[in-house]
Amino acid sequence: MKSIVVFWCFCIVGICYVYAIDSNRVDSLLLKLDQSIKKRPIYMEQKELRLAKLRRQLLQLISEEEHFAILGALLDEYRSFNTDSAFYVAEEREQIAMRLGNREYIDNARMNKADVLGMTGMYKEAMDLMRNIHAERLSKNLRPYYYHIYRTIYGLMADYAVTKYERKLYTELTDKYRDSLLLVNKDNLLIHTLIQSDQYNVRNEYDKAICLLTDYLAQQKEYEHDVAICAYTLSESYRLKGDKEKEKEKEFLIVSAIADMTTAVREYISLRKLAILLYQEGDIERAYSYVKICMEDAAACNARLRKLEILEIFPIINDAYQQKTEKQQEQMKWTLASISMLSFFLLLAIFYAEFNLQMQQNSD
């Protein structure tokens, strides 16, 4: 009996120790995230310099093919930064492709447009473009992009479906294109890791997804945007695994958010979800600060879906923040009133003591 009690004591101590380590790591990462947010103007300036450099290259005397390639690099920079500019660049790519009469360029540019439209929630318009593109005529390099767009858009449509029938239909189509992506991305470690882990999550094989993503992230040295995507997917694996993994979910949401901040993107998910977790835990000030940043970035990016998602939670967190602020102000008033009263009584005591001393001196 005594040995069993000792065993359970060791287990409890071990669990507490692990939890303490996780909590310390989360606190350390939160401080790092706050520092990244403070440095955001520097990262944004670096982003603007990259954009300006690419725009200058477009003004040089270059061939149409080179122009098309530079616009592709410009599109990559704009994709998660400003959807209006991204769509404009995609349209310009399409015009060049039409002038060149290059079928592959035309398909690529139209998929660029569909990609951006999907990000803004314009699913019908995106699908209308994609239906005129046929996978069998695409080159080996473009086919993964084709499947990616379909998987992403059907996945979003499943998330926002109103009826069970629609959700089931779009989920099945998402699974179909996920399988296709796995087949054509065997040589791309990042994409294959993301799609395979996503499939594991869908199949409730969370430990496999966690193992795969953890191994990939261990190889990454910098907070690149690849890290943001992988860390977010890993946080989802922990979330789906259950409440016992809440600290791990939070940890990788923070890692993802740091990567989003340092790579100067404006279209993201991690910081919003982190704000919700912090709000639920009572860290109202951080939650309010983060969700406010999310709102500003979604507006600047014109990411309509992100704006809708943020609008669902912003009023709740904002109300809690205002109530806390009002409570703090009320407490401050009572504190100041108490200090004033104490000061008044102290002055009276001093005056009374001096008065007694004076009276004693006079009597002597």
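Residue-level check: of (1) open to solvent by less than 10 Å² (accessible area, probe 1.4 Å); (2) in a helix (DSSP H, G or I), Gln196 misses just (1).
Of the residues Met261, Met341, the single one that is of a type in the set (A, V, I, L, M, F, W, C), surrounded by 10 or more Cβ atoms within 10 Å (Cβ to Cβ), out of contact with any Pro (no Cβ under 6 Å at 6 or more places or on another chain) and at pLDDT below 95 is Met341.
Name the one entry in Val162, Val227 that is assigned to a loop (DSSP other than H, G, I, E, B) and among the β-branched types (Val, Ile, Thr). Before the answer, list the steps.
Numbers: Val227 fails: assigned to a loop (DSSP other than H, G, I, E, B).
Among Val162, Val227, only Val162 is assigned to a loop (DSSP other than H, G, I, E, B) and among the β-branched types (Val, Ile, Thr).
Say we look at the range 306-319 and pick out the residues that are among the aliphatic types (A, V, I, L, M) and open to solvent by 20 Å² or more (accessible area, probe 1.4 Å); which of these is farthest from Ser256 (Cα to Cα)? Within the range 306-319, the match that is farthest from Ser256 (Cα to Cα) is Ile316. Can you tell me how many residues within the range 292-304 are open to solvent by 20 Å² or more (accessible area, probe 1.4 Å) and either touching a helix residue (DSSP H, G or I) at 6+ places or on another chain (Cβ under 7 Å) or at positive phi (or both)? Counting residues in the range 292-304 that are open to solvent by 20 Å² or more (accessible area, probe 1.4 Å) and either touching a helix residue (DSSP H, G or I) at 6+ places or on another chain (Cβ under 7 Å) or at positive phi (or both) gives 4.
For the range 217-253, the candidate set comprises residues that are buried (at least 22 other Cβ atoms within 10 Å of the Cβ) and of a type in the set (Gly, Ala, Ser); within that set, the residue that is nearest to the chain's Cα centre (by Cα) is Ala228.
The values are calculated or read from the model by the stated rules, or taken from the named source; none is laboratory data. A quick note: this is a predicted structure, and the numbers were derived from the prediction, not measured. Glycine also receives a Cβ, built like all others from the backbone with ideal geometry; neighbour counts cover every protein chain displayed. These area figures cover heavy atoms from the full protein model, side chains too; ligands, DNA and RNA do not enter into them. Shrake-Rupley method; radii C 1.70, N 1.55, O 1.52, S 1.80 Å.
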